[in-house]
1. Lys/Arg Cβ at +1, Asp/Glu Cβ at -1, dipole of the chain taken about the Cα centre: which of Ile14, Gly216, Val170 is farthest positive-ward?
2. Can you give me the three principal axis dimensions of the stretch 53-115 from its C-alpha atoms, in Å, biggest first?
3. As a test of the formula, what do you get for the chain when each DSSP H run with n ≥ 4 contributes -39,500 (n - 2.57) and the sum is divided by the residue count, at 222 nm and rounded to the nearest 500 deg cm²/dmol?
4. With springs connecting C-alpha atoms under 10 Å apart, model the chain as a Gaussian network and identify which of Tyr118, Tyr11, Tyr205 has the largest mean-square fluctuation.
5. How would Ile70, Ile176 rank on accessible area, largest to smallest, probe 1.4 Å?
6. In the structure shown, do any of Lys40/Lys112; Lys72/Lys107; Lys28/Lys63 have a Cα-Cα gap over 22 Å, and if so which?
7. How large is ³J(HN,Hα) for each residue in the stretch 215-226, as worked out from phi by the Karplus curve 6.51 cos²θ - 1.76 cosθ + 1.60 (θ = phi - 60°), to whole Hz, x for Gly and Pro?
8. What is the ratio of the Cα radius of gyration of the stretch 167-224 to 2.2 N^0.38 Å, with N the residue count, to two decimals?
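The values are calculated or read from the model by the stated rules, or taken from the named source; none is laboratory data. Computed from a predicted model, the values in this text were never measured in an experiment. Cβ sites come from the backbone with ideal geometry, for glycine too, and all protein chains shown count toward neighbours. Just so you know, the surface numbers come from the protein's heavy atoms only, side chains and all, with ligands and any DNA or RNA stripped out. Shrake-Rupley method; radii C 1.70, N 1.55, O 1.52, S 1.80 Å.
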Amino acid sequence: MLKIKDLHVSYGGIRALRGVDLEVPDGKIVTLIGANGAGKSTMLRTISGLVKADSGSITYNDKELLGMPINKVLEEGIAQVPEGRRVFPDMTVLENLKIGAYLRKDKAEIEKDIQWVYSLFPRLEERSWQLAGTLSGGEQQMLAVGRALMSRPKVLMMDEPSLGLAPLVVQGIFDIIRTINEQGVTVLLIEQNANMALKVADIAYVLETGEITKTGTGAELLADESIKEAYLGKKKK
């Protein structure tokens, strides 16, 4: 289990996270919703080791991650799909996937996992020799997810996977999130499309100005009137 306890993070004197407690049980989809600037991406970046925390604790299977180099966090089984996709535009689809496995030495297993990613995203196999920068937004998102999966993560953290994508493509991405989870990968999802995120989530948290203000199952928060008004665009009757 991934556990965050009393996490405080500051940017230039501004407190981005204030005493956050959060748990991501193995095998579950956990989502974190909130407005822009609430601290959601900061949370993922701190878990990954990209941002230094002021205080608190982040453990995975009781091992402390805070202060661990990024590569070591990845070795522990925690991978991130960054906001904005961040594929390597001048490299092919296949080269991008292989970069996701850069810490691994098991060549035969890497080849198997490339085929696994292609089974999840047939479009990537069709375009395996195409430069990533020439792919559509949806295809680049598939590639970003596939690249993260090549590290064989136990926990996959996804930062706004539906951002800027057409509704039909968004549905496909969320279908894949379910499939990945069903195949044994725990998912921590940050998403502004609260409706879609809560529908797939086993557990959901609301983050407002750096603090967790509400938690429950995805279904509970989906039915919550204050959540409907704040995040789902539905007015109180």
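1. Farthest towards the positive end: Ile14.
2. Extents along the principal axes, in whole Å: 40, 28, 15.
3. Calculated at 222 nm, the ellipticity per residue is -11000 deg cm²/dmol.
4. Looking only at Tyr118, Tyr11, Tyr205, the biggest GNM fluctuation is shown by Tyr11.
5. The ordering from most to least exposed comes out as Ile70, Ile176.
6. Beyond 22 Å: Lys40/Lys112.
7. 8, x, 6, x, 5, 5, 6, 5, 8, 6, 4, 5
8. 1.16
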